[in-house]
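Asker: One structure coming up, written as structure tokens, with questions to follow.
The values are calculated or read from the model by the stated rules, or taken from the named source; none is laboratory data. It should be emphasised that the depicted structure is a prediction, and the values quoted were computed from it without experimental measurement. Neighbour counts run over all protein chains shown; Cβ positions are idealised from the backbone, glycine included.
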Amino acid sequence: MEFCPINLQEKLAKFSEHWSPKIIAQMNNYYFKLVKFRGEFIWHSHADTDEVFITLDGEMSIEFRDGKVDLKSGEMFVVPKGVEHKPFAEKECKIMLVEPAGTINTGDAGGDLTAQDNVWI
């Protein structure tokens, strides 16, 4: 076993595309993913799991059909399973997601923004 920390800034520097989560660690059946947001995502939900958004750098919003939550650097929010949501960031925002292995970024919606699954950096 190798004992070394995971440097989030070094991992974030390895990619530039938006809306394409990259796995950096696994704990049991959960992945820790880094992703860069800019602009508007799509309405979607995850029927079988909650989704954790941890804002590392920048600001973002998560819109819901009946409201929204705004997140700044250092804040987090848990979207309950089955709740339709749409992330948005006016400027680039760097996020960590925590979700079960195999979770697809577009959930039940699919479409052009569906990222390739199981990409490690």
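Asker: What's the total number of residues in the stretch 100-121 that are farther than 22 Å from SER16 by Cβ and not polar (S, T, N, Q)?
Answerer: Going through the stretch 100-121 one residue at a time, the tally reaches 7.
Asker: Taking the stretch 25-37 as the search range and keeping residues that are surrounded by 15 or more Cβ atoms within 10 Å (Cβ to Cβ) and farther than 14 Å from THR103 by Cβ, which one is modelled with the lowest pLDDT?
Answerer: Across the stretch 25-37, the extreme among qualifying residues is PHE37.
Asker: If you don't mind, another one. Does GLU2 satisfy the condition of being farther than 18 Å from VAL119 by Cβ, over 11 Å from the mean Cα position of the chain (by Cα) and surrounded by 13 or more Cβ atoms within 10 Å (Cβ to Cβ)?
Answerer: No, not satisfied.
Asker: What is the residue count in the stretch 16-32 for residues that are within 21 Å of LYS86 (Cβ to Cβ) and hydroxyl-bearing (Ser, Thr, Tyr)?
Answerer: Qualifying residue count, the stretch 16-32: 1.
Asker: Taking the condition of being within 14 Å of THR114 (Cβ to Cβ) and touching a Pro at 6+ places or on another chain (Cβ under 6 Å), how many residues in the stretch 34-50 meet it?
Answerer: The number of residues fulfilling the criteria is 2.
Asker: Name every residue in the stretch 83-121 that is acidic (Asp, Glu), under 12 Å from THR49 (Cβ atoms) and surrounded by fewer than 18 Cβ atoms within 10 Å (Cβ to Cβ), in order of residue number.
Answerer: Matches in the stretch 83-121: ASP108 only.
Asker: Also, quick follow-up: Among the numbered criteria (1) touching a residue at least 12 places away in the same chain (Cβ under 8 Å); (2) exposed (fewer than 14 other Cβ atoms within 10 Å of the Cβ); (3) of a type in the set (A, V, I, L, M), which one does ILE62 miss?
Answerer: Here ILE62 meets the rest and fails (2).
Asker: Now for a separate question. Confirm whether PHE15 is buried (at least 20 other Cβ atoms within 10 Å of the Cβ) and touching a strand residue (DSSP E or B) at 6+ places or on another chain (Cβ under 7 Å).
Answerer: No.
Asker: Moving to a separate point now. Given the criterion in contact (Cβ under 8 Å) with a residue 24 or more places away in the chain and touching a helix residue (DSSP H, G or I) at 6+ places or on another chain (Cβ under 8 Å), identify the matching residue among LYS94, LYS81, LYS33.
Answerer: Working: LYS81 fails: touching a helix residue (DSSP H, G or I) at 6+ places or on another chain (Cβ under 8 Å); LYS33 fails: touching a helix residue (DSSP H, G or I) at 6+ places or on another chain (Cβ under 8 Å).
Criteria check complete, one pass: LYS94.
Asker: Kindly indicate the residue of the stretch 72-82 that is surrounded by fewer than 18 Cβ atoms within 10 Å (Cβ to Cβ) and part of a strand (DSSP E or B) and also farthest from the chain's Cα centre (by Cα) among those meeting that condition.
Answerer: Applying the filter and picking the extreme gives LYS72.
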